[in-house]
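Worksheet for the structure shown next.
Every read-out reported here was derived from the displayed coordinates using simple, explicitly stated rules and does not represent laboratory data. As the structure is a computational prediction, the values presented were derived from the model and not from experiment. Heads up, the Cβs are rebuilt from the backbone with ideal geometry, glycines too, and the neighbour counts pull from every protein chain shown.
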Amino acid sequence: MLIVFAGLPATGKTTLSRGLARALGAIHLRIDSIEQAIAAARVPAAPVGVEGYAAAYAVAEDNLRLGLTLVSDCVNPLGLTRDHWLDIGKRVGVPVIEVETVCSDRVKHQRRVESRQSDIAGLTLPNWQAVLAHEYEPWSRDRLVIDTARQTVAQALSTLTALAASKRRPGS
């Protein structure tokens, strides 16, 4: 199974995707880690474009073909990036669950952005203005929306694990 998280920075993607991966014994694939590794390997350092997502798609497909469950953790801001994840699921023949995290409380969201500490060496986190300016297309299809201003982590993980269990194929 492929579970794809999406949402602006500081909406709870990493917290929830890590927790879900841990609960399911799944692989946690974090775009921030991939992109920072690519950026750090460049001399001189340069921003990462589509390479991070392209690498993630390849790693995800390899692991899904092994029969492993994978949880993707990325902003996933465009319809195109979201479609790529669905295409991988179709090619491999696994169910895909799309999850969008939001924080409907603007004050709480800003506080999260401004108080976060990076857990990836060398990664500079976006400030509030960068989050507000971040390109993020509206969704055009159904997905599970988790509002982290209205649910605790435990409540959200309970919803997510129940959904994942309902999508598992018999015998998997």
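Counting every other Cβ atom within 10 Å of each residue's Cβ, V92, V145 order from fewest to most as V145, V92.
Rank-order 70-78, 157-165, 53-61 by packing density, defined as the average count of other C-beta atoms within 10 Å over each peptide's residues, highest first. Before the final figure, lay out each step's value.
Numbers: 70-78: 23.1, 157-165: 14.9, 53-61: 17.7.
The packing order, highest mean first, is 70-78, 53-61, 157-165.
Other residues whose C-beta falls under 11 angstrom from the C-beta of E100 contribute a net charge of +1, scoring Lys and Arg +1 and Asp and Glu -1. Computed extension gain for R106 through R22, at 0.36 nm per residue and net of the alpha carbon distance, reaches 27.3 nm.
Judged by the mean number of other Cβ atoms found within 10 Å, the most tightly packed of the peptides 7-15, 135-143, 122-130 leads the ranking 7-15, 122-130, 135-143. Rounded to the nearest 20, the Cβ-based charge dipole of the range 2-163 about its Cα centre (Lys and Arg +1, Asp and Glu -1) stands at 360 debye. Ordering V4, V102 from the fewest to the most neighbouring beta carbons within 10 Å gives V102, V4. Only one of the listed values, (1) 83, 32, 22; (2) 46, 41, 29; (3) 71, 45, 25, was derived from the coordinates as Cα extents along the principal axes in Å; which label is it? The listed entry that was calculated here is (2). Given in Å, the Rg to one decimal and the Dmax to the nearest whole number for the Cα atoms of the range 1-75 are 12.9, 39. Ellipticity at 222 nm from helices only: DSSP H runs of n ≥ 4 in the chain, each -39500 (n - 2.57), divided by the residue count, give -15000 deg cm²/dmol. Between the alpha-carbon centres of the range 41-106 and the range 120-146 there is a gap of 14 Å.
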